[in-house]
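Visitor: Structure below; questions to follow.
The values are calculated or read from the model by the stated rules, or taken from the named source; none is laboratory data. Note that the structure is predicted; figures quoted are calculated from it, not measured. When we count neighbours, we look across all protein chains shown, and the Cβ atoms used for this are built from the backbone with ideal geometry, even at glycine. SASA here: full protein model, heavy atoms, side chains in, ligands and nucleic acids out. Shrake-Rupley method; radii C 1.70, N 1.55, O 1.52, S 1.80 Å.
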Amino acid sequence: MIYSMFRAEKHDAGPIAALVNSAYRGESSRQGWTTEADLLAGLRTDTEEILRLISSEDSMFLLCKAEAELIGSVHLQKQAEQVCLGMLAVSPALQERDIGKQLLAAAELAAQETWAVNKAVMTVIACRNELIAFYQRRGYRRTGVSKAFPVNPGLWTPKVTDLRLEILEKIL
């Protein structure tokens, strides 16, 4: 399968939200290994949030498509001299085919080329050891810093107590 990378436009907001939600939450996410379905109920995001992020300054989504089908996405947000990466999502049925690895590498390169940043940071649910290990194999390191998981009852509710986000970073 041949993949193409594109920068998202406003009309991509709905498909991005659907992809992210399918990869992280609900029964469809259980087809892949990135599911948070046992930790959180509800949605990860919605079209309005994606549209706001696409329209924001120093923010972009990078999309991975196979022909016309959206199969992966990642959000990049410049903050000072670094880029914050989030919502890295690959269609659950296509996970473990190196799409996420390629998308992450493309995001790091796009951040360097667009904003001349030298560090990438991200937050990962601290109990997601397999996901943290995935990022460590790609050069990210644990910072030892964590923060409380955000509250957003309009979109999601926790199924477990004491969820925390751990901050990972990589020098680019």
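Visitor: Please count how many residues of segment 24-59 are in contact with a Gly (Cβ under 7 Å, 6 or more places away or on another chain) and either modelled with pLDDT of 95 or more or over 29 Å from D162 (Cα atoms) (or both). Even if it seems obvious, please write down each step before you answer.
Guide: Let us first name the residues in segment 24-59 that are in contact with a Gly (Cβ under 7 Å, 6 or more places away or on another chain), namely 25, 37, 47.
From what's left, either modelled with pLDDT of 95 or more or over 29 Å from D162 (Cα atoms) (or both): 47.
Result for segment 24-59: 1.
Visitor: Do you know which of the residues in segment 111-153 that are in contact with a strand residue (DSSP E or B) (Cβ under 6 Å, 6 or more places away or on another chain) and of a type in the set (S, T, N, Q) is surrounded by the most Cβ atoms within 10 Å (Cβ to Cβ)?
Guide: Taking the candidates together, the pick is T123.
Visitor: Return the pairs, sorted by first residue and then second, in which the second residue is modelled with pLDDT under 95 and in a strand (DSSP E or B), the first residue lies in segment 146-170 and is farther than 16 Å from T123 by Cβ, the beta carbons are less than 8 Å apart, and the residues are 6+ apart or on different chains.
Guide: So the pair list comes out as L155/G42; T157/L40; T157/A41; T157/G42; K159/L40; K159/A41.
Visitor: Condition (residue is of a type in the set (K, R), in a helix (DSSP H, G or I) and more than 21 Å from I167 (Cβ to Cβ)) applied to segment 1-12: is it met by at least one residue? Steps first, please.
Guide: Kept after step one, since they are of a type in the set (K, R), are these residues of segment 1-12: 7, 10.
From what is left, the residues that are in a helix (DSSP H, G or I) are 10.
Remaining after also requiring more than 21 Å from I167 (Cβ to Cβ): 10.
Yes, segment 1-12 has at least one match.
Visitor: Please find, within segment 59-87, the residue that is surrounded by the fewest Cβ atoms within 10 Å (Cβ to Cβ) out of those that are under 20 Å from A17 (Cβ atoms) and free of Cβ contacts under 8 Å to residues at least 24 places away in the same chain. Break it down into steps so the answer makes sense when it comes.
Guide: At the first step, the residues of segment 59-87 found to be under 20 Å from A17 (Cβ atoms) are 59-66, 68-77, 84-87.
Now restrict to residues that are free of Cβ contacts under 8 Å to residues at least 24 places away in the same chain: 59, 68-69, 75.
Details: S59: 16, A68: 6, E69: 11, H75: 25.
It comes out as A68.
Visitor: A further question follows. Among E108, E96, E166, which is open to solvent by 50 Å² or more (accessible area, probe 1.4 Å), farther than 17 Å from N21 by Cα and either at pLDDT 95 or above or not in a strand (DSSP E or B) (or both)?
Guide: Numbers: E108 fails: open to solvent by 50 Å² or more (accessible area, probe 1.4 Å); E166 fails: open to solvent by 50 Å² or more (accessible area, probe 1.4 Å).
None of the other options fit; the residue is E96.
Visitor: Looking only at segment 97-127, which residues are basic (K, R) and without any contact (Cβ under 8 Å) to a residue 60 or more places away in the chain? Full working, then the answer.
Guide: From segment 97-127, those basic (K, R) are 97, 101, 119; that's our starting set.
Scanning segment 97-127 gives K101, K119.
Visitor: Can you tell me which residue in segment 7-58 is farthest from K78 (Cα to Cα), limited to those that are among the polar types (S, T, N, Q) and open to solvent by less than 20 Å² (accessible area, probe 1.4 Å)? Steps first, answer last, please.
Guide: So the first thing to find is which residues in segment 7-58 are among the polar types (S, T, N, Q), and the list is 21-22, 28-29, 31, 34-35, 45, 47, 55-56.
Remaining after also requiring open to solvent by less than 20 Å² (accessible area, probe 1.4 Å): 29, 45.
Numbers: S29: 28, T45: 20 Å.
The extreme case among them is S29.
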